[in-house]
Amino acid sequence: MKLTSIKELEDLRAQILAKCDPDKITIAVCGGPGCLANNCLEIRDAFIKEISDNGLTDKVDIRTTGCQGYCERGPIALIFPQGIFYQKLTVEDVIEIVDKTIINNKVVDRLLYIDPETNQHIEKEEDVPFYKKQMQLILGNNKKIDPHSFEDYLIIGGYSALAKVLGSMKPQEVLDEIKKSNIRGRGGGGFPTGRKWESTRNAQGDIKYVICNADEGDPGAYMDRSILEGNPHSVLEGMIIGAYTIGSCEGYVYVRNEYPIAFKNISIAIEQAREHGLLGKNILGFGFDFDISINRGGGAFVCGESTALMASLEGMPGEPRAKYIHTSEKGLWDRPSNLNNVETWANVPLIINKGADWYSNIGTQSSKGTKVFSLVGKINNTGLVEVPMGMTLREIIYDIGGGIPNDKEFKAVQTGGPSGGCIPEALLDLPVDYEQLSEVGSMMGSGGMIVMDEDTCMVDVARYFTNFLQEESCGKCVPCREGLLRMGEILTDITEGRGTMEQLSLIEDLSELLKEASLCALGTTAANPVMSTLKYFRNEYIAHIKDHKCPAGVCKELITYSIDPDKCTGCGACMKNCPPGAITGEKKQPHVLDTGKCIKCGICYDVCKFDALKKE
């Protein structure tokens, strides 16, 4: 059904809402990638069968949603309208849920979240500590809709912001509202979105482009993927509003090639928007033409950089270009181009519907709104979190994240992806916003947050991210190509016991060179992991160089394994599992480890149940 006016859009919304029964039970099964890996579709199918077998098909809806955030506890199912939160589900749990909860309105206690502090079962999602401190403006709708359903998006108010813009706002008024909200780009740079839109709008040229950057390549980051998979129409609506404001008739979504579900869901959403007249010619009868194409990413991390992304869209190698002229003036095919990331576009309908004043009251003085982070690493509650700007790292890691597993000590958190800095325990009370993170040697980035514990070697972390960036560098400019290669060699020397104190000064010089002379942001920020670890964990570098010891026991070349004869029971587990046969001994007698044969794989240390293996 092609909609030709705002009235037809609102009439369709009213018809769909009229058919909705507010008392009808909905089972929302999380279909995010983490839950998919744990057989959530089999669980959904089991619900469908059990509901059908009990003759409840007309009384119960079963919906597969996008990621609901709490990946650590998946598979997850929410029962509405009660708001019951069931976690760590299996197919075998379905019969009991249908019998007790759906039919008899009772709760299955064993499937509820248990608060580790109080040991109490928590029934409602909103009371689970992981969710309690979050402000889910962007992620919150993931659990309410089927991402393949255009009707579901209309039910939650979808495309009402577009109707408001086309029906009552001039492009300049929309631009003023976006500028007044002070939203900044969520893709990493934090550039004011309104200023970027204004620059593109004012640029000379009849053809202008609107682009969505969904090429999310940071290790451990999956914020944009989850928005695109769970609520793709929110991104489209933001892009259409942006196109109307800027004066664009053509848009692109550049999706990371490794995101097949995101590609599928945004493709379905675009087709649905076309079918309903929200993309294409004469949108809602206002003479406004705009359509969107999808491009798969080139498989390179550097293609997340604006000019490299546009080069890839043009069919060229994904290499950055010198920014003597901004892409807002000369970008894709040398035409004015406005590039924002997935999360930025998804914020636009919110700002239009609720107002810039409402939005700008959330966050800090310089960083407004909420930010979605992927909280991963050595943390009890891995998953996606959305919090107001200005929340401290301590609140995110301990109140929402649940702290460090196995009572280990927190060591550092890296924010901002592979180009972000590592922030130590002493700075855990730092409010998270663009300026504060930058001041301590890190960055907001797109929202990756990797937590590290006492068993993490910070020199090895710096080496890992330096090597990652060196492999992902396009190699176009010498400082990045050669500087990262040399920096990686030095860090490898240090982790393998060949490092010198003079090399620390050389690393600092290389870092300054990368920052000042690299062509794009990959190079200019590449030294952040190294410089931040040198600043806050210099003692670990010195221990590697002077003492030939890795304090965390991670760097293999600096580790020596031995067996404590007073603790060894002669159980034989270490000997049986040692690949090179470096351990010998009689049953029930202390064993001996030949360090000359030892390959330092650590298997013996892992399998010993008596703490007899020592790692120094």
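In percent, what relative contact order does the range 560-615 have, based on Cα pairs under 8 Å that are 6 or more apart in sequence?
Taking the mean separation of contacting Cα pairs over the length of the range 560-615, I get 47 percent.
Can you list the residues, at least 5 places off or on another chain, whose amide H is less than 5 Å from the amide H of GLY448, using H built in the peptide plane?
Amide H neighbours of GLY448, under 5 Å, 5+ apart: SER374, GLY416, GLY417.
Could you line up GLU8, GLU271 from fewest to most neighbouring Cβ atoms inside 10 Å?
Ranking GLU8, GLU271 by Cβ neighbours within 10 Å, fewest first, gives GLU271, GLU8.
State whether the range 189-338 is rounded, prolate or oblate according to the following rule on the C-alpha gyration tensor (a ≥ b ≥ c being the square roots of its eigenvalues): a/c under 1.5 gives rounded; otherwise a/b larger than b/c gives prolate, and the remaining case gives oblate.
oblate
Could you please rank TRP197, TRP345, TRP333, placing first whichever residue has the fewest other Cβ atoms within 10 Å of its Cβ?
TRP333, TRP197, TRP345
Under a crude label model (7 Å from the Cα following the beta-carbon direction), how far is GLN172 from ASN257 in nanometres?
Label at GLN172, label at ASN257, 4.6 nm between them.
Report, for the range 23-127, the % of DSSP beta bridges that are antiparallel, rounded to 5.
60 percent
Among 155-162, 601-608, how do they line up by average Cβ neighbours within 10 Å per residue, starting with the highest?
155-162, 601-608
How about the range 503-597: which GluC sites (Glu not before Pro) there lie in a loop by DSSP and see at most 10 other Cβ atoms within 10 Å?
Filter output for the range 503-597: GLU586.
Under a straight-distance cross-link criterion of Cα-Cα below 25 Å, which lysines are reachable from LYS587, leaving out those fewer than 8 residues away in the same chain?
LYS567, LYS576, LYS597, LYS600, LYS609, LYS614, LYS615
Of THR90, GLY167, THR200, whose Cα points farthest to the positive end of the dipole of the chain (charges on the beta-carbon: +1 Lys, Arg; -1 Asp, Glu; origin at the Cα centre)?
Comparing the listed Cα positions along the dipole, THR200 ranks first.
Can you check what the net charge comes to around ALA269, using other residues whose Cβ is under 12 Å from the Cβ of ALA269 (Lys, Arg +1; Asp, Glu -1)?
Net charge around ALA269: -4.
Write out the chymotrypsin sites (Phe, Trp or Tyr not before Pro) in the range 434-536 meeting two conditions: DSSP loop, and at most 16 other Cβ atoms within 10 Å of their Cβ.
Passing both the DSSP loop test and the Cβ count: no residue.
Before rounding to the nearest 500, sum -39500 (n - 2.57) across all DSSP H runs of length at least 4 in the chain and divide by the residue total; then give [θ] at 222 nm in deg cm²/dmol.
-10500 deg cm²/dmol
Averaging sequence separations of C-alpha pairs under 8 Å and six or more residues apart, then dividing by the length of the chain, give the relative contact order as a whole percent.
For the chain, the relative contact order is 11 percent.
With labels modelled as points extended 7 Å from the Cα through the Cβ direction, what inter-label distance (nm, one decimal) is found for PHE610 paired with LYS323?
Label-label distance for PHE610 and LYS323, simple model: 6.2 nm.
What percent does the relative contact order of the range 370-453 come to when contacts are Cα pairs within less than 8 Å and at least six residues apart?
37 percent
Which percent, nearest 5, of DSSP beta bridges in the chain are antiparallel?
If I count the DSSP bridges inside the chain, around 55 percent turn out antiparallel.
Sorted from fewest to most neighbouring beta carbons within 10 Å, what does the list VAL235, VAL60 look like?
VAL60, VAL235
Net charge near GLY447: determine it from the other residues with C-beta under 14 Å of the C-beta of GLY447, scoring Lys and Arg +1 and Asp and Glu -1.
Neighbour charge sum, excluding GLY447 itself: -2.
Excluding VAL530 itself, what net charge comes from residues whose Cβ is under 14 Å from its Cβ, given Lys and Arg +1 and Asp and Glu -1?
The answer is -2.
Name the trypsin sites (Lys or Arg not before Pro) in the range 235-309 that are in a loop by DSSP and that have at most 16 other C-beta atoms within 10 Å, would you?
When the trypsin sites (Lys or Arg not before Pro) of the range 235-309 are filtered for loop state and at most 16 Cβ neighbours within 10 Å, LYS281 remain.
FYI, it's all coordinate maths here, none of it is from the lab. Computed from a predicted model, the values in this text were never measured in an experiment. Note: ideal-geometry Cβ built from the backbone for every residue, glycine included; neighbour counts use all protein chains shown.
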